[in-house]
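Here's the structure, in C-alpha cells; my notes come after.
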Amino acid sequence: MILNRKSVELLAPAGNWDALVAAVEAGADAVYLGGKHFNMRMHRNKDTNFDDEMLKKAIEYTHAHDVRLYITLNNLISVDEVEPLKKYLAYLNEIRPDAILVQDFAVLEITREMGIDIPLHTSVMMNTHNEHAIKKLKEYGITRIVVGREMTLSEMSLFKERTGLEIEYFMHGDMCIAESGQCIHSGVVFGQSGNRGRCLKPCRWPYKLIDEKTGELLDPDDQHDYKLALNDMCMYRNIPELIQAGVFSFKIEGRMRPADFIRRIVSTYRRAIDNYIADPFGYQVNEEDWQDLYKNRARNFTTAFALGQPDASDIGFDGSREPRFFSEAVEEAGFQDEILKSEPAIAKENPAKRLLSVQVSDIDSVEAACKNGADIVYLSGEVFKPKKPWSIKDVEKAIAIGRKTDTKIVISTPRTTMRRECGELEQYLHAINSLNPDGIMVSNLGSLKLAQEHTKLPVQADFSFNLFNHMAASFMKKNGIKMATASLELSFGQLRKLVENSPLPIEVIVHGSYESMICDHNFAGMILPYKHLVNPEFVNRHYALKDKVGGIHSLRMDQFNRNHILFTKDLCYYPYLDKFNGIGAFRIEAKDYSPELTASLTAAYRKALDNLDNGKPHFDEAVFRELQESGPRQLGIGVYRFRQSQDSL
C-alpha cells in the first residue's frame, strides 16, 4: 500500500460553530456534527448542536474548504418520532451532507422508502462487529462501518479485507466500557437512554466488589471504587499500526468539547498523520506533541482493545481524573406503578391462546418450563458460569423433552458474535439444522445472516436489536424475521404504540433477570489475584458490584468470558398482564434461575394467562407475594415507572 494524503481521513467533532471552524482550520479532512434532534449528544442541546439553518451553513462552509461533513442521526427512534424523522431526512436530502451516521434500522427503511441517496455510515451504536452483517447493510446503501470499540487492529484488518468497506475507528476521546448499543442502565433507571443521546453514565459511579453469596467485601481499598470508569482512548503513539491495519477514518470523540480543545487535538493528529504518510519508514513520534497531549488530558489514556485485552491499568479506579459525574446511584424502581396503572391497555386483538415463552440455560430448566406450561422454550445463547454451554447432545435432549409436551424449542444465539463466535456459530447451526428445532432467535444482523444461510428454520429477533419503532419492525420483517422482542428501554406507552403499529408480532419480557450492560472486561479479575493458567476456577464464583445506595449488581461471566452486569431488581409485570394485549409472546428470562424457580414462575404465569384467555381475573395476591419472596433478587417494573424514554425532539 503506497500512502498519500487521501489514504486516511482525520475526522473531527463539532458541537458548535466555533468548534467547526477550529476543526477545519486545524486540518480536519471531515467533520461530524448533530442537528437539534436525533443524535447522541442531547444533554446540552441549548448551547450545542446545529439547528436546520446552521446545518446548511455548516455544509456550505466545509465544502468551500474542501472538507466533508457528516451528520449524526444515530439514536433510537420512538413511534412518535417517525414522522418528524421523515421531515428531517427530507431536509437533509435538500442540503446534501456527505453522509449520515445511523443506528436505528428505521432510518435504513425510511431512506430507502423516500429514495434518499445520501451515503450512510453505521454508527458505533449499531454494534456492527462481524462481516456477515455487512452483506445485509450493503443492500441499504451503507458505505462505511464505525466498528465496535472491542475490535482489535488485527480483527479490523481482516474485517476490512473481507468486506471492502471503509472502516472508521474511534482513536481519541471518551469511551463506553459496555459494548456499543448494549448498555441500557441509564435508560431503565433514569428514563434517559444512552441509545437516545441522554446517558447519565452509571458506569462512572463508585462500586464495591463483593462475594454475591456471602456478601463479603473483597476490595476494602477505597482507591479502587470506580471499577467501570474506562480511561480515554488515545492512539496517538500507534498511528502507524492504525494506518497499516486499513483504518480509513481516524475519529476523534468530543462533540461537547470547546473550540480550543478541538483545535489542539486536530492539529496534533494532523501533524502526526502527515509526517507518517510523508515518510513511513523514518517516522517517529513527536514527543513534544505527545507531552502537550498528555499534559492537557482529562482522564488518563488507554488503547483499549486495539492492541489486545485491556487490564486494570486501563481503568481510572480512583476517580481522581473524572471530569464530570452525570448522576449518582439511586435505588431501582420497585412497584412505583402510578404511571403504569394509568396507562391504557394495548389496543390490539389477542390470539385465542396467549403464548408463554421461557429462556433457560440448562436441561433441568427445559423440563421445568415444559412441564409447567411454556409454549416456547429458548436455549440461551450465553450460559453463565459455572453452567456449561449447550452441546449438540443437550440440544437434542431439549428437543425431545419439548416434543413430549408440544413445546417449541428455539435456539438462541449469543448477543455478540465476533470472528471466533461466528466460526463456532456456523458449525453449530449446521449441526442443529438436522435436529429440526422449532426456530432460531438471533441477536444481530450477522447471526441473522448465518441462520438464514445454514438453516431453513424460522428466525426471530432478540432484544439486543433495540427495537423501538414499527419502521424498524418493518425492516426486520422484510429481512425474514418472524417475531421480534421489544427493547427493554421502551416505556409502556411507547411499547403500546409499537405493538399497535408493528407489522411483526412483538414479544415482551414480562419477568426475570436482565442485564444493564455487557462488557468484554473481567472486572473481578482486575481486582483480585487471577491468572487463567493458575486458578481458572476463579471465574465460576459469583461476584457482584455494590453501589452507594446498597444496590447489588450481580456479575455473570459467559462461556466467551464476557461479563454481564445485572440490574439490582428483576422485572415483574405479573400484576399488569391484562394490559399486554396482542403481543406475540410473554417471556420469562430464567437463564439465571434454578430449575425449581423456573418451574414455579412458569406455572404462575401460565395460570394467569389462561385466566385472561377465559375472561377471568388473572391476579392472585398470594401468588404475587410468593413471586416477590422466591427469587434471587427483589422485583420491580424497570423503565415502566416513566411515562416515556425521553425523546430527542
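The values are calculated or read from the model by the stated rules, or taken from the named source; none is laboratory data. No experiment lies behind these values; they were computed from the predicted model shown. A quick note on method: Cβ atoms are made from the backbone with ideal geometry, for glycine too, and the neighbour counts reach across all protein chains shown.
Side notes on the structure shown:
- Residue check for residue 568: in contact with a strand residue (DSSP E or B) (Cβ under 7 Å, 6 or more places away or on another chain), among the polar types (S, T, N, Q) and under 26 Å from residue 177 (Cβ atoms): yes
- Test for residue 62: is it buried (at least 16 other Cβ atoms within 10 Å of the Cβ), over 30 Å from residue 490 (Cα atoms) and polar (S, T, N, Q): yes
- Where helices (runs of 4 or more DSSP H) fall wholly inside the range 324-409, no range has 3 or more residues that are at pLDDT below 95.
Table: residues versus (1) under 20 Å from the mean Cα position of the chain (by Cα); (2) in a loop (DSSP other than H, G, I, E, B); (3) small (Gly, Ala, Ser).
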{"site": "521", "(1), (2), (3)": "yes, yes, no"}
{"site": "525", "(1), (2), (3)": "no, no, yes"}
{"site": "532", "(1), (2), (3)": "no, yes, no"}
{"site": "550", "(1), (2), (3)": "no, yes, yes"}
{"site": "555", "(1), (2), (3)": "yes, no, no"}
{"site": "560", "(1), (2), (3)": "yes, yes, no"}
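- Candidates 495, 490, 457 - the one that is among the hydrophobic types (A, V, I, L, M, F, W, C), closer than 24 Å to residue 199 by Cβ and assigned to a loop (DSSP other than H, G, I, E, B): 490
- Qualifying positions in the range 543-572 - surrounded by 22 or more Cβ atoms within 10 Å (Cβ to Cβ), within 14 Å of residue 329 (Cα to Cα) and touching a His at 6+ places or on another chain (Cβ under 8 Å): 545, 567, 568
- Test for residue 632: is it farther than 20 Å from residue 370 by Cα, under 27 Å from the mean Cα position of the chain (by Cα) and in a loop (DSSP other than H, G, I, E, B): yes
- Filtering 393, 456, 408 for residues that are charged (D, E, K, R) and in contact (Cβ under 8 Å) with a residue 24 or more places away in the chain leaves a single hit, 408.
- Any hit, the range 49-70, residues being under 24 Å from residue 265 (Cα atoms), in contact with a Lys or Arg (Cβ under 8 Å, 6 or more places away or on another chain), of a type in the set (Gly, Ala, Ser) and in contact (Cβ under 8 Å) with a residue 12 or more places away in the chain: no
- Pair list, Cβ under 9 Å, 6 or more apart: the range 221-241 residue under 26 Å from residue 527 (Cα atoms) and free of Cβ contacts under 8 Å to residues at least 60 places away in the same chain, other residue crowded, with 17+ Cβ neighbours inside 10 Å and charged (D, E, K, R): 222/208
- Per the listing 422, 370, the residue uniquely farther than 24 Å from residue 540 by Cβ, crowded, with 23+ Cβ neighbours inside 10 Å and outside the structural domain of residue 154 (by TED's automatic domain parsing) is 370.
- Candidates are the residues of the range 233-270 that are closer than 23 Å to residue 295 by Cβ and of a type in the set (S, T, N, Q); the one that is surrounded by the most Cβ atoms within 10 Å (Cβ to Cβ) is 268.
- Annotation note: Cβ proximity below 7 Å between a residue of the range 250-278 that is over 16 Å from residue 29 (Cβ atoms) and a residue that is of a type in the set (Phe, Trp, Tyr) and surrounded by 18 or more Cβ atoms within 10 Å (Cβ to Cβ) (sequence gap 6+ or interchain) occurs for 253/170.
- Residues satisfying the stated conditions in the range 202-235, i.e. under 20 Å from residue 645 (Cα atoms) and touching a helix residue (DSSP H, G or I) at 6+ places or on another chain (Cβ under 7 Å): 202
Each row is one residue, and each column tells you yes or no for (1) surrounded by fewer than 21 Cβ atoms within 10 Å (Cβ to Cβ); (2) of a type in the set (S, T, N, Q).
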| site | (1), (2) |
| --- | --- |
| 115 | yes, no |
| 119 | yes, no |
| 123 | no, yes |
| 126 | no, no |
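- In the range 280-309, the residues that are touching a Leu at 6+ places or on another chain (Cβ under 8 Å) and crowded, with 18+ Cβ neighbours inside 10 Å: 302, 304, 306
- Looking only at the range 452-480, and only at residues there that are under 16 Å from residue 415 (Cβ atoms) and not small (Gly, Ala, Ser), the one that is surrounded by the fewest Cβ atoms within 10 Å (Cβ to Cβ): 459
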